[in-house]
Amino acid sequence: MLMRDYKAHVEPTLADLPRGARGYQLLYTVVRKQIRTQVQLADYLGIDRSVIPYVVDDLVEAGLVDRRPDANDRRIRTVVATDEGIETLQRHEAAVAHAEQTFLSALDTADQQLFRSLLSRVARQARDHSRPDSGAGDTRRKAARSTPTD
């Protein structure tokens, strides 16, 4: 019920963004967290890797981000916010902050800060626990390649 009410306050502020809240999350992550590759974005946001290209495509089409070759590995395309994307994010951050303020209006300022802090901690922990163990997969692949054959 809490999440439904939060969405009812916040999602209308994001309705004009490509893919709504998901587009906002991706744009926010590119700009504020400086996570740039589609694989890293998928892992960080907990979005299936097959979905990320569609979200990025829509943001590219809207002029909010560009795909650029990575300086270190030209096979990799990085996602970079355009000036319009940064301005759009700033505008939407203000709208989201206002919607969240309305959503949390039953709490005083100190309780709002505490609520946000605790919720952020829980969200980070959930994200960290849900990430696949990338090291284990690499080890198995290395072991499979180095297995001697007779």
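None of Ala110, Ala123, Ala95 is over 17 Å from the mean Cα position of the chain (by Cα), surrounded by fewer than 13 Cβ atoms within 10 Å (Cβ to Cβ) and either under 29 Å from Val60 (Cα atoms) or not polar (S, T, N, Q) (or both) except Ala110. Based on what the data block shows, is Thr13 among the hydroxyl-bearing types (Ser, Thr, Tyr), free of Cβ contacts under 8 Å to residues at least 40 places away in the same chain and assigned to a helix (DSSP H, G or I)? Spelling it out, it is not the case that Thr13 is among the hydroxyl-bearing types (Ser, Thr, Tyr), free of Cβ contacts under 8 Å to residues at least 40 places away in the same chain and assigned to a helix (DSSP H, G or I). Counting only helices (runs of 4 or more DSSP H) that sit wholly inside the range 34-116, those with at least 2 residues that are farther than 22 Å from Arg127 by Cβ and in contact with a helix residue (DSSP H, G or I) (Cβ under 6 Å, 6 or more places away or on another chain) are 83-103.
If you take the residues in the range 10-27 that are touching a Leu at 6+ places or on another chain (Cβ under 9 Å) and not hydrophobic (A, V, I, L, M, F, W, C), which one is surrounded by the fewest Cβ atoms within 10 Å (Cβ to Cβ)? For the range 10-27, the residue satisfying everything is Gly20.
Taking the range 27-57 on its own, how many of its residues are within 8 Å of the chain's Cα centre (by Cα), within 23 Å of Glu87 (Cβ to Cβ) and without any contact (Cβ under 8 Å) to a residue 40 or more places away in the chain? Result for the range 27-57: 3.
Just so you know, all these numbers are worked out from the coordinates, no wet-lab data involved. The model shown is predicted, which means the values in this text are computed figures rather than measured ones. Positions of Cβ are generated from backbone atoms using ideal geometry, with glycine treated the same way; all protein chains shown enter the neighbour counts.
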